[in-house]
Amino acid sequence: MAREMFEYCKTVLQKVSFSVDLFYKELEKSFERLLPHEKTELEIWVRQFTLNKPELSACLIRVQ
C-alpha cells in the first residue's frame with residue numbers, strides 16, 4: 001500500500017509540473033503522506049525530475 005502512495009505522488013507531481021504553485025502544494029502534501037524512507041526517495045526523484053526545470057527545484061528547498 002505504501003509503495004502505491006509513493007507512485008501516486010510521483011504521478012501527481014508529474015501532471016502538475018506545468019505550474020510551480022501546484023507543484024509546490026502537491027509536494028507538500030506528498031511529504032505529509034509518505035513514510036520517512038519514502039520521503040528520502042521522493043526527494044531524490046524530485047532532484048532528478050527537476051534537473052531541466054530549475055523553477056521547480058526551488059520547491060524542494062521550501063518543503064524541507
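Since every read-out is calculated from the coordinates, none of them should be taken as a lab result. Source: prediction; values computed, not measured. Cβ: placed from backbone, ideal geometry, glycine included. Neighbour counts: every protein chain shown.
Using the Cβ of VAL16 as centre and a radius below 14 Å, the other residues enclosed give a net charge of +1, where K and R count +1 and D and E count -1. Here the chain is assigned +1 on the Cβ of each Lys and Arg and -1 on the Cβ of each Asp and Glu. Its dipole about the Cα centre then comes out at about 60 debye.
Scalar couplings 3J(HN,Hα) for region 14-21, obtained by applying the Karplus form with A = 6.51, B = -1.76, C = 1.60 to θ = phi - 60°, are 5, 6, 9, 5, 6, 10, 4, 5 Hz; x denotes Gly and Pro. Counting lysine pairs in region 6-53 whose alpha carbons fall under 16 angstrom apart, excluding pairs fewer than 8 residues apart on the same chain, gives 9.
Straightening the chain between LYS53 and GLU41 buys 2.4 nm, computed as 0.36 nm per residue apart minus the Cα-Cα spacing.
Compute the signed sum of charges (Lys and Arg +1, Asp and Glu -1) over the other residues within less than 15 Å, Cβ to Cβ, of ARG3. Surrounding charge for ARG3 is -1.
The structure-derived value of Cα extents along the principal axes in Å appears in the list [x] 31, 19, 17; [y] 45, 24, 17; [z] 33, 22, 15 under the label [x]. Taking Cβ atoms as reference points and 11 Å as the exclusive limit, the residues near ILE61 contribute a net charge of +1, counting Lys and Arg as +1 and Asp and Glu as -1.
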